[in-house]
Amino acid sequence: MVNFREYKIGARFFGIALGGSMCITLFLPSFDFRNVNATEVALDKQLWAGWESGFNLDDPWLRGDHRPLRVTLKVDPKTGQPMEATTAYVYPAGTRMPNGVDHPDILGAMVQQLSLDKGRISEANESQGAVFLLSSEPQGDGTKQFYIEDASATKGWTPDAVLKAAGDENTYHAAYGKAIFVREGCWWCHTLLPEETQDWQVFGAPPMLGDFNGESPTAFGSDRKAPDILHVGSRNSSREWMMMHFFNPRLVQPYSIMPRFDYLWGKVDAKGQTIDYDKWRSEYNEYVEGQRVTPPEVPMYASNSDARALIDFVLSLK
Amino acid sequence: MLKYLFAKNEDIPDGAAAVYFGFSAITWFVIGTGLGAFNASKLAFPDFVTGLEFVSFGHMRQVHVHAVIIGWISMAFAMAMMYMTPALGNTKLWSEKLGVWNALLWNVGLSLGLTLLWAGMTSGREYSDFPWFIDLYVVFLVVMPLGINVWKTIIHRKTQGIYTTNWFFASAVFMVGVVFLVGNLPEYFHLTGLTEAYLTWWFAHNVLGLWITPVAAAIAYYTIPKVSGNPLYSHRIGHLHFWSVVVFYSTPAAHHLMSAPLPEWLKSFASVEGVLILVPAVAFVSNILLTMQGKWNMFVENLEIRFTVTACLMAIPLNMQGGFQQTRAINWYIHGTGWIVAHAHLALLGFSTFAEVAAVYLGLQTLMKRKLYSLTLGNLHFWFLLIGFTTYWVSMTIAGLIQGAGKIYEVPYIDVVMAEHPYMIARWIGGSLVFTGNCVWLYNMWMTARAGTVVPEGRMPHELAYER
């Protein structure tokens with residue numbers, strides 16, 4: 001560095017200035033982030049969304065491999081007896097465990113302790129798969145403290161038994177749906193962060209400090225070309241509306257500028273019949289030009305289609 | 001150019017790497033703005049080319065962003081560094097061979113990364129959309145070779161001091177490597193939650209503040225004195241600019257997330273630091289405009305000066321917006337609206353692009369020793385860019401104010417969409433003008449290489465008269 005010698009002071013000051021700025025913007029905030037206890041929202045979200053919704057080696061093309069499932073159980077998977085409707089998060093064998101189970105310290109001290117001691121999450125492992133529950137413990141002040149429970153350890157539920165007991169109609173592919181949300185770039189227009197304006201009243205309350213532990217990517221979005229959808233499932237829970245809206249948004253909102261996502265239906269519909277997109281589009285064009293009274297029917301999506309997973313995800317945004 | 005990959009370093013003519021970078025940058029500019037115009041058309045007319053995954057807006061937006069930032073802007077920076085750093089050190093580029101390889105690996109890596117993004121393989125993090133292995137590629141095969149060449153050239157300089165431009169080059173190429181490594185920590189180590197959200201914007205802020213803004217300014221510090229013949233107005237103000245960039249521009253990352261539940265002290269700190277960005281901004285603008293004293297005729301007569309001074313003039317509204325729109329009161333109104341999109345284009349397509357276009361014009365003519373093929377086409381390029389950009393910026397700013405009002409006064413969202421429609425059409429027209437101008441530029445530069453008048457030894461291209 002012979003010819004930088006005359007710049008010795010400058011180089012040192014540069015190091016101090018940049019290092020100081022890194023200290024303030026990276027090191028100091030990390031203390032705030034570490035002390036955050038995961039809320040019920042964060043635990044629920046990481047359990048249904050799984051380890052990672054963006055690029056990862058388990059599912060590099062974001063096509064739905066190794067994704068957990070959320071189910072609503074109405075019968076006990078072990079005994080077959082009816083029980084109160086319960087939400088369970090199923091991680092079939094080979095699915096990466098959620099972040100709070102992989103690294104319990106990201107849950108915050110209180111949630112970590114409960115999840116380890118009462119939830120027995122340290123017994124969950126990827127090779128056998130696991131079933132998780134969102135459980136709570138009453139606190140002295142009347143509130144509830146939520147934690148993750150590994151039902152495979154505490155109740156002996158296996159992923160296969162739980163999926164069988166729930167049945168396909170009570171299984172939600174929300175984790176894959178969020179991966180589609182990332183892959184298809186929905187977040188370039190629909191943010192997941194209601195702002196501190198009056199739009200609280202329209203789009204719902206903004207998220208709290210502990211609502212994100214374990215979520216990746218958070219995909220807040222920055223450009224609101226469309227409504228915020230953090231709480232969209234509370235505003236509109238109609239599967240049929242969602243189906244029409246994704247197939248061609250102009251069916252339900254003539255002035256929408258949202259792209260059509262009809263290609264998420266794939267090749268065949270729910271009955272296994274080939275979807276004739278060209279025919280659909282020409283009939284739709286006739287409808288737009290006033291030559292038809294009603295638009296063509298939107299085909300029912302197949303149960304393993306991308307469209308189903310995306311709708312499962314959107315409706316899970318409560 | 002490919003024949004130089006395995007040639008001996010001594011056998012590669014001076015400037016080969018810079019010329020390779022220059023033409024790559026222009027090509028990426030054409031591609032990037034073409035994609036931008038196509039995307040804009042979809043926001044105006046959503047059923048234009050529809051129902052196909054590979055041409056859907058959500059798959060193409062990030063390709064546009066990365067094509068212009070890493071293709072056009074950053075490769076134009078590399079071109080400027082490989083041309084200006086040796087010129088300012090009165091020496092040769094440390095290694096032309098490394099430079100040629102750098103340009104090749106840059107094009108290959110970027111093509112690969114954009115293809116993956118297009119296919120939907122994304123990290124889902126704005127501005128750091130590339131999967132982590134592409135980020136590592138960028139650090140070690142794109143930024144590091146460039147840095148080594150720049151630092152080595154400065155060390156081997158034959159002048160006593162280091163000129164302002166080269167302080168910026170040497171430090172910015174270091175800082176962008178750090179930013180790429182640190183800003184992508186969430187992907188390397190799978191950090192989640194608010195840490196991930198905050199680091200996403202830490203990256204986005206710093207890649208603009210510690211790479212694009214300072215390097216574009218550094219280029220103007222070279223172009224204006226070199227072409228006008230005036231010495232830089234003040235070295236001291238240059239010092240102020242440099243140090244205030246390092247101190248103030250590196251800290252306000254959190255002001256991008258004012259509505260997220262980040263710690264309040266962090267948001268307040270970021271907001272104050274964000275206003276202090278005006279210090280380097282005012283230093284830069286005043287220094288460049290004062291350097292023009294007595295040479296303002298060149299603003300009309302000379303293409304490179306006109307581009308650079310226009311860039312500098314656009315830095316004034318850019319920084320006035322940038323300094324104040326991130327304070328809580330104003331951010332409350334305009335955050336997440338088209339105003340921000342307009343501001344981002346003012347930074348990248350206005351200020352930074354105009355400075356780089358001048359550098360690429362100047363550098364390619366000087367290194368190829370060919371006078372620009374056609375002044376008419378050059379003028380056409382300038383006006384296409386300026387009118388196209390202005391149309392875009394004005395329409396998006398208005399659209400943003402409409403969106404802000406809609407947000408604050410709880411207007412049903414679809415009414416906002418309908419009110420924005422004319423401005424979306426204007427945005428598309430503006431983008432198409434920019435794209436057209438760039439096609440003209442690529443042709444003009446190609447013809448300069450093939451049929452431009454030879455610039456005699458020891459002369460600057462702008463000293464020769466145009467023939468067309």
- Only one of B:GLY161, B:GLY120 is of a type outside the set (S, T, N, Q), in contact (Cβ under 8 Å) with a residue 60 or more places away in the chain and in contact with an Asp or Glu (Cβ under 9 Å, 6 or more places away or on another chain); which? B:GLY120
- Message: For the range A:4-27, check the following and say yes or no: at least one residue is surrounded by fewer than 17 Cβ atoms within 10 Å (Cβ to Cβ), facing chain B (nearest Cβ under 10 Å) and among the acidic types (Asp, Glu).
- Response: yes
- Note on the structure: When restricted to B:ILE305, B:ILE334, the only residue farther than 30 Å from A:PHE33 by Cβ and touching a residue at least 40 places away in the same chain (Cβ under 8 Å) is B:ILE305
- Query: With (1) of a type outside the set (Ser, Thr, Tyr); (2) assigned to a helix (DSSP H, G or I); (3) open to solvent by 10 Å² or more (accessible area, probe 1.4 Å); (4) more than 14 Å from chain B (Cβ to nearest Cβ) as the list, and A:VAL162 as the residue in question, which single condition is left unmet?
  - Reply: (3)
- For the range B:46-64, what are the residues that are open to solvent by 10 Å² or more (accessible area, probe 1.4 Å), farther than 18 Å from A:ALA179 by Cα and either in contact (Cβ under 8 Å) with a residue 12 or more places away in the chain or more than 7 Å from chain A (Cβ to nearest Cβ) (or both)? B:ASP47, B:PHE48, B:VAL49, B:VAL55, B:HIS64
- Task: Would you be able to say whether some residue in the range B:376-387 is open to solvent by 40 Å² or more (accessible area, probe 1.4 Å) and within 14 Å of chain A (Cβ to nearest Cβ)?
- Result: no
- Report yes if some residue within the range A:237-250 is under 25 Å from B:GLY120 (Cβ atoms), within 13 Å of chain B (Cβ to nearest Cβ) and assigned to a loop (DSSP other than H, G, I, E, B); otherwise report no. yes
- Message: So, in the range B:368-425, how many residues would count as being under 30 Å from A:ASP228 (Cα atoms) and assigned to a helix (DSSP H, G or I)?
- Response: 33
- Task: Return yes when A:GLY129 is open to solvent by less than 60 Å² (accessible area, probe 1.4 Å) and either away from chain B (no Cβ under 14 Å) or of a type outside the set (S, T, N, Q) (or both) and no when it is not.
- Result: yes
- Query: Within the set of pairs 6+ apart or on separate chains, which have a first residue in the range B:250-266 that is more than 7 Å from chain A (Cβ to nearest Cβ), a second that is hydroxyl-bearing (Ser, Thr, Tyr), and C-beta atoms under 6 Å apart?
  - Reply: B:HIS255/B:SER271
- Top-ranked residue in the range A:187-201 [being touching a residue at least 12 places away in the same chain (Cβ under 8 Å) and open to solvent by 20 Å² or more (accessible area, probe 1.4 Å); ranked as farthest from A:ILE311 (Cα to Cα)]: A:CYS189
- Message: Given the criteria open to solvent by less than 40 Å² (accessible area, probe 1.4 Å), polar (S, T, N, Q) and more than 12 Å from every other protein chain (Cβ to nearest Cβ), does A:THR72 qualify?
- Response: yes
- Which of the residues belonging to the range A:292-318 are among the acidic types (Asp, Glu) and either touching an Asp or Glu at 6+ places or on another chain (Cβ under 9 Å) or touching a residue at least 60 places away in the same chain (Cβ under 8 Å) (or both)? A:ASP306, A:ASP312
- Exactly one of (1) modelled with pLDDT of 95 or more; (2) more than 29 Å from B:ALA329 (Cβ to Cβ) is unmet by B:HIS239. Its number? (1)
- Condition test on A:ASP102, is it acidic (Asp, Glu) and open to solvent by 50 Å² or more (accessible area, probe 1.4 Å)? yes
- Query: Do you know which of the residues in the range A:225-258 that are open to solvent by less than 30 Å² (accessible area, probe 1.4 Å) and aromatic (Phe, Trp, Tyr) is nearest to A:GLU297 (Cα to Cα)?
  - Reply: A:PHE247
- Identity of the residue in the range B:142-172, closer than 16 Å to B:PHE77 by Cα and open to solvent by 60 Å² or more (accessible area, probe 1.4 Å), that ends up farthest from the other protein chains (Cβ to nearest Cβ): B:MET144
- How do the pairs read when you match residues in the range A:207-220 that are at negative phi with residues anywhere that are acidic (Asp, Glu), using Cβ under 7 Å and keeping only pairs 6 or more apart or on different chains? A:SER216/A:GLU52; A:SER216/B:GLU196; A:PRO217/B:GLU196; A:THR218/B:GLU196
- Task: Might you let me know whether the range A:39-56 holds any residue that is open to solvent by 60 Å² or more (accessible area, probe 1.4 Å), away from chain B (no Cβ under 13 Å) and within 15 Å of the chain's Cα centre (by Cα)?
- Result: yes
- Note on the structure: Considering residues that are outside any helix (DSSP H, G or I) and open to solvent by less than 30 Å² (accessible area, probe 1.4 Å), the number found within the range B:279-316 is 2
- Breaking point among (1) part of a helix (DSSP H, G or I); (2) open to solvent by 40 Å² or more (accessible area, probe 1.4 Å); (3) out of contact with any Gly (no Cβ under 7 Å at 6 or more places or on another chain), for B:PRO231: (1)
- Query: Which one of these is open to solvent by less than 10 Å² (accessible area, probe 1.4 Å), within 14 Å of another protein chain (Cβ to nearest Cβ) and touching a residue at least 12 places away in the same chain (Cβ under 8 Å): B:ALA67, B:ALA16, B:ALA78, B:ALA40?
  - Reply: B:ALA40
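The values are calculated or read from the model by the stated rules, or taken from the named source; none is laboratory data. These numbers were taken from a predicted model, which means no experiment stands behind them. All Cβ positions, even for glycine, are placed from backbone atoms using ideal geometry, and neighbour counts span all protein chains on display. These area figures cover heavy atoms from the full protein model, side chains too; ligands, DNA and RNA do not enter into them. Shrake-Rupley method; radii C 1.70, N 1.55, O 1.52, S 1.80 Å.
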